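Everything below concerns the one structure shown next.
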Amino acid sequence: RQAQHLLEPPTAQEQRFGDRSYCIVSDKYLNFSSRVGYHYSVLDAYCGQTMSKNYITFQFKGGAADEVRRQRRVRCIAEILQRLGFTTEVRGDMTQAKFQKYSPEETKERLDQLGRLLIVTRQMDMLMTSDAAVMAMADNFMSGHYH
């Protein structure tokens, strides 16, 4: 069965697993669209000297774990982002966040933290064994413990 599976054309789900990530970068603009495994994230940001134009938008969805763990992960992501000053919205296993009209320094700092969060969240859904894990992981992240 395994050998037969390797010879068959990939299913739509398997093709999506290997989707490419894309990044557009300039001195003031960043767009990063990433599909890693079964989760998808989009980061769009502008950071210049005019505070009223600066923004970060972020979306995160999916994962390989069951629905309950995926939902816990997005709640944890939203909690961390709220603590960082983002406005957030959670629906099912998706979170959306915005950070708007801050100084370039604050915007760059949030982008740095968001990059760290993207790395940490990669396998986070598998660790979400209880509702208590949501706040515990958020607390760990905010105190600089990224593992």
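Just name the residue that is farthest from L114 (Cα to Cα) out of those in segment 54-67 that are in contact (Cβ under 8 Å) with a residue 40 or more places away in the chain and outside any loop (DSSP other than H, G, I, E, B).
Result: Y55.
Mind telling me which of the residues A97, A132 ends up being more than 25 Å from S52 (Cα to Cα), among the aliphatic types (A, V, I, L, M) and free of Cβ contacts under 8 Å to residues at least 60 places away in the same chain?
Exactly one of A97, A132 is more than 25 Å from S52 (Cα to Cα), among the aliphatic types (A, V, I, L, M) and free of Cβ contacts under 8 Å to residues at least 60 places away in the same chain, namely A132.
Inside segment 86-97, can you point out the residues that are exposed (fewer than 14 other Cβ atoms within 10 Å of the Cβ) and not β-branched (V, I, T)?
Across segment 86-97, the qualifying residues are E89, R91, G92.
If you check every pair at least six apart or on different chains, which have Cβ atoms under 8 Å apart with a residue in segment 75-91 that is under 13 Å from Q113 (Cα atoms) first and a residue that is of a type in the set (K, R) and surrounded by fewer than 19 Cβ atoms within 10 Å (Cβ to Cβ) second?
F86/K98
Specify the residue that is nearest to Y38 (Cα to Cα); the eligible residues are those in segment 111-136 that are at pLDDT 95 or above and either among the hydroxyl-bearing types (S, T, Y) or in contact with a strand residue (DSSP E or B) (Cβ under 8 Å, 6 or more places away or on another chain) (or both).
Once the filter is applied, the top-ranked residue is L114.
When only residues in segment 20-58 that are polar (S, T, N, Q) and surrounded by fewer than 16 Cβ atoms within 10 Å (Cβ to Cβ) count, which is modelled with the lowest pLDDT?
Per the criteria, the residue is S21.
The values are calculated or read from the model by the stated rules, or taken from the named source; none is laboratory data. Remember, predicted model here, so these are calculated numbers, not experimental data. Cβ: placed from backbone, ideal geometry, glycine included. Neighbour counts: every protein chain shown.
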